[in-house]
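Scroll down for the structure; my scribbles are underneath it.
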Amino acid sequence: MTKTTRVTDPSYELMDDHNGLSIIYREHGFPCPLVRWHFHKEYELHLIVASSGKVFVGDYIGNFYPQTLFLTGPNLPHNWISQVEEDEVVPKRDMLVNFTDELLESGIQVFTELRTLAPLLERAQYGVEFRCPRTIAQAARLMQKIADTKGITRLGHFLILLELLAASDDYQLLSGTKAPQMADEHSIDRTNRAVDYIFTHYARELPLEEVASYLGMKPTYFSRVFKQATGRSFVEFVNRLRVSKSCELLADGDRPVTDVCFESGFNNISNFNRRFQQLKGMTPSHYRRLAVQRLTEQNLY
């Protein structure tokens, strides 16, 4: 049995603990009040240390595992939900570095070298997942140095980290929608509860009307609010979550594609194949072959 957290905290995260520092370093486990569909003005560099599950960034849904690294831009909604056993606690799941546009904008006025970071920060508006294992390993070491140091030394490690990520060409852009179109605090708070409910029940038939009723909203109004907050219609969102689950299952074993179809929440194989081809540009069997190949390549590092 898996477990998610139901969170009712405000969806806008106010980071008031800068304490005069240029960057914020944090780490937390799972479950945690910070695990919710939320946004904030800071950029967030997010390294998963332990557990696996689903990542939501803007209108993107995907999988995360230990040693996966993401960068999200200001006000881009995001969430990482671990799939863990009932009552399982992960003491340290995440390492995070947060920083603001103001930091780098001010720095560029003095240090023109910082202009080379502009393309990285532009990509962050859509969310970025870094794919190169070597880059991720170097980034993890630098994040640990940031955790262990203070003052100018910490700032130095931070700038080296950004330079490393800016030079990486092995990455995936995530959301198809930029933050300003999506970041409405009230609707995202309700969407947080909807995403939590969908995540718990997507493996079975899940009509929009059921989720709307759970939130105490009329279906047409819920449909409009949900699309505004996530950038996807309810049906698109659920199908993407199911395809994401099928990708996880395909990469994790050799069970028949038919079993993967039904375990992911699809009710017939033709619809599954059509949706998978639509979203991934390949058949489930082809995806499995590529996933095995990529895993083999990663193990070489």
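Where a number appears in this text, it was derived from the coordinates with a stated rule and is not lab data. Keep in mind it's a predicted model, so treat the numbers as computed, not measured. Note that each Cβ is placed from the backbone with ideal geometry, even for glycine, and that neighbours are counted across all protein chains shown.
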With the cut-off at 24 Å, tell me which of the pairs 54/218; 150/178; 54/150; 54/178; 54/227 have Cα atoms farther apart than that. 54/218; 150/178; 54/150
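Within 10 Å, at most 13 other Cβ atoms, and a DSSP state outside H, G, I, E, B define an exposed site. Report the longest part of the chain free of exposed trypsin sites (Lys or Arg not before Pro).
Numbers: sites that count: 6, 150, 204.
Excluding the exposed sites themselves, the longest stretch runs over 7-149.
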Calculate one ³J(HN,Hα) per residue across region 115-120 by plugging θ = phi - 60° into the Karplus curve 6.51 cos²θ - 1.76 cosθ + 1.60, and present them in order as whole Hz with x for glycine and proline. 4, 5, 7, 4, x, 4
Could you pull out every residue, at least 5 positions away or on a different chain, whose amide H is within less than 5 Å of the one on residue 49? Hs are placed 1.01 Å off N in the peptide plane, and Pro or chain starts have none. 67, 94, 95
Nearest 10 degrees is fine. How inclined is helix 101-110 to the longest principal axis of the chain, computing both from alpha carbons? 30 degrees
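According to the Kirkwood expression over distinct Cα-Cα pairs, how big is the hydrodynamic radius of region 2-173, in Å? It would help to have the intermediate numbers written out before the result.
Numbers: mean 1/r = 0.0607 Å⁻¹.
One decimal place: 16.5 Å for the Kirkwood radius.
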Would you pull out the residues with amide H under 5 Å of residue 29's amide H, same chain only if 5 or more places away, H placed 1.01 Å from N? 93
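From the helices alone, meaning DSSP H stretches of at least four residues, give me the mean residue ellipticity at 222 nm for the chain, per-run term -39500 (n - 2.57), in deg cm²/dmol to the nearest 500. List each step's numbers first, then the result.
Values: 11 runs with 139 residues, N = 301.
After summing the helix terms and dividing by the residues of the chain, the value is -14500 deg cm²/dmol.
Kirkwood Rh over Cα pairs of region 184-298 into Stokes-Einstein at 37 °C, 0.692 mPa s: D in µm²/s? Each step should come with its number before you reach the end.
On the way: Rh = 15.2 Å.
Answer from the Stokes-Einstein relation: 217 µm²/s.
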Which of the following values of Rg and Dmax of the Cα atoms in Å was calculated from the structure shown: (1) 19.5, 60; (2) 25.8, 88; (3) 18.8, 56? (1)
Please report the relative contact order for the chain, taking Cα pairs under 8 Å with a sequence separation of at least 6, and give it as a percent rounded to a whole number. 18 percent
Could you derive backbone 3J(HN,Hα) for region 265-273 from the dihedral phi with the Karplus parameters 6.51, -1.76 and 1.60 (θ = phi - 60°), listing whole Hz in sequence and x where the residue is Gly or Pro? x, 7, 9, 7, 5, 5, 5, 4, 4
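If you take every DSSP beta bridge fully contained in the chain, what fraction is antiparallel? Give it as a percent rounded to 5.
Working: 35 of 36 bridges.
Roughly 95 percent of the DSSP beta bridges within the chain come out antiparallel.
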